[in-house]
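Just below is one structure, and these are the notes that go with it.
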Amino acid sequence: MLHPGSLANLKVIDASRVLGGPYAGQILADHGADVIKVEPPSGDETRGWGPPFLDGAASYFLGLNRNKRGIAVDLAQEAGRALLLELLADADVFIENFKTGTLERWGLGHDELSARFPRLIHARVSGFGADGPMGGLPGYDAAIQALCGIMSVNGEAGGQPLRVGLPVVDMVTGLNAAIGILMALNERSQSGKGQFVETSLYDCGVSLLHPHLPNYYLSGKVAGTSGNAHPNICPYDTFATATAPIFLAVGNNRQFVTLCRLIERPDLPEDPRFATNGDRNMNRDALKVELEAALSGFDCASMSDRLIKAGVPCGAVRSIDAVMADPHTIHRQMVVDIGAYRGTGSPIKLSRTPASYRRAPPQFAEHSAEVLQEHDLDADHYSAVLPGIGAREKDAT
């Protein structure tokens, strides 16, 4: 049974492309919002970011646009902008990531939209924000990872800085956009007024530098690459076993005592070098030698299972296919199937109004006729700015 979702009363116009904005739109859509994705005549460029492909759309696009209806509009033309205004007339949220100044040049900047639609939440995802020394400049995830210092703390100790192997900046920017939208909607319920929500990749990239920035504020020391080790906690690193690496995330003395007992080294917590987290941090290299010597007699999988069931946070270092095959992944509904489409489930679990998976990502301009009909708009009038809608679809309106 599909539940309507906690956001079923919301209408969202998602004119964003690539990752941050579409991810925010999918979060809202998964929880019931009616999200209409507005693509340019060339389509969202991530439709071509493959292989692999499904029905001509790349996996990259499919991973970010579930539960949306799709329409293509040429906003570079005046009639296309007029159509967008028609769609916004009854919308609650407008998500976009146009290059700074584009909407303003079209007469659709926030001031204009706010005057016309005072209750509209206008959310913008950008590289650097609209102002400041880098305001208006373009940004992509990897470049922002470099600029914000994320790469400088990622990589093997003493090695070259590395990009984090997933678009972490883009994704947290999308998350923050969704959070900002929900904050603005909550405030609107009291004031009756919409507002502008801005999340930039640069700001969000800087916000991720925990605990490196707090450490720097207090000590003045600049962090560098440290491999898998944590700068503040020990043992918090990968360790060799008899079979495969295990990651130990030991956050307190009780967990350390339990770890040492299970690997048959109960004497280690009594060693003054390892008595407290501070001591262990100062002597982390010596501790790693002792732990790996003990772990060399144990199988990774069985030891990981014993440790975590005893309250010691840890995990075998697994590949993606192993994660997908794990019964817990399935139990937590983190794999979603809609026909031929397979996607990743929402990590937000609500007891009465859970996420639902109603639509596979739209094919290009798939719902143009449907959306026009809902708004009592004449397809012929807008035909010049509606790529992807054929005569049969026009007749349907």
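Details
- Three-way shape label, region 53-135, alpha-carbon gyration tensor, a/c 1.5: oblate
- Straightening the chain between Phe53 and Leu2 buys 15.6 nm, computed as 0.36 nm per residue apart minus the Cα-Cα spacing.
- DSSP-defined beta bridges in the chain - what % are antiparallel, rounded to 5: 40 percent
- Accessible surface of the chain [probe 1.4 Å, protein heavy atoms]: carbon and sulfur percent: 55 percent
- The value given for region 288-348 is a Kirkwood hydrodynamic radius of 14.1 Å, derived from the mean inverse Cα-Cα separation.
- Note on the chain: dipole from Cβ charges, positive end direction compared against Ala301, Leu108, Pro272; the farthest Cα belongs to Pro272.
- Cβ charges +1 (Lys, Arg) and -1 (Asp, Glu), total dipole of the chain, debye: 900 debye
- Across the cross-link table entries Lys68/Lys193; Lys37/Lys349; Lys309/Lys349; Lys11/Lys37, which are compared at the Cα atoms, the separations over 22 Å belong to Lys68/Lys193; Lys37/Lys349; Lys309/Lys349.
- Gyration tensor verdict on the chain (Cα atoms; rounded if a/c is under 1.5, prolate if a/b is larger than b/c, oblate otherwise): prolate
- Whole-Hz couplings from phi, Karplus 6.51/-1.76/1.60, listed for region 272-281; x for Gly and Pro: x, 6, 10, 5, 10, 4, x, 5, 5, 4
- Electrostatic dipole magnitude of region 228-309 [Cβ: Lys, Arg +1; Asp, Glu -1; Cα centre; debye, to 20]: 220 debye
- Val35 long-range amide H proximity, modeled H, under 5 Å: Val12, Arg69
- The stretch between Ala157 and Tyr217 holds 19.4 nm of extra length on full extension. This uses 0.36 nm per residue minus the Cα-Cα distance.
- Dipole of the chain [Lys/Arg +1, Asp/Glu -1 at C-beta], most positive-end residue of Gly345, Asn97, Val312: Val312
- Karplus (6.51, -1.76, 1.60) ³J(HN,Hα), θ = phi - 60°, over region 27-39, in Hz, Gly and Pro reported as x: 4, 5, 5, 4, 9, x, 5, 7, 9, 9, 8, 9, 9
- Sorting Leu350, Leu162 by accessible area puts them as Leu162, Leu350; the probe is 1.4 Å, largest comes first, and only protein heavy atoms count.
- Residue-normalised accessible area of the chain, given per residue in Å² at a 1.4 Å probe: 50 Å²
- Of the residues His328, Leu182, Pro361, the one whose Cα sits farthest toward the positive end of the charge dipole of the chain, with +1 on the Cβ of Lys and Arg and -1 on the Cβ of Asp and Glu, is His328.
- The distance between label points at Val164 and Glu370 comes to 3.5 nm (points 7 Å beyond Cα on the Cα→Cβ vector).
- Of the residues Met334, Met282, Met303, ranked by 1.4 Å probe accessible area with the largest first, the sequence reads Met282, Met334, Met303.
- Kirkwood hydrodynamic radius of region 39-78, from inverse mean 1/r over distinct Cα pairs, in Å: 10.9 Å
- Karplus (6.51, -1.76, 1.60) ³J(HN,Hα), θ = phi - 60°, over region 63-74, in Hz, Gly and Pro reported as x: x, 10, 9, 5, 6, 10, 9, x, 9, 10, 9, 8
- The simple Förster model, with R0 at 41 Å and r as the Cβ-Cβ distance, assigns Thr344 and Ala240 a FRET efficiency of 0.85.
- FRET efficiency for the pair Ile330 and Ile308, taken as 1/(1 + (r/R0)^6) with r the Cβ-Cβ distance and R0 = 22 Å, rounds to 0.75.
- Dipole in debye (nearest 20) - region 283-329, about Cα centre, beta carbon charges: Lys, Arg +1; Asp, Glu -1: 140 debye
- For Ala123, the residues whose modelled amide H falls within less than 5 Å of its own, excluding neighbours fewer than 5 places apart on the same chain, are Phe94, Ile95, Glu96, Val197.
The values are calculated or read from the model by the stated rules, or taken from the named source; none is laboratory data. Just so we're clear, the structure is a prediction, and the values are computed from it rather than from any experiment. Cβ sites come from the backbone with ideal geometry, for glycine too, and all protein chains shown count toward neighbours. Heavy atoms of the whole protein, side chains included, go into the accessibility calculation; ligands, DNA and RNA do not. Shrake-Rupley method; radii C 1.70, N 1.55, O 1.52, S 1.80 Å.
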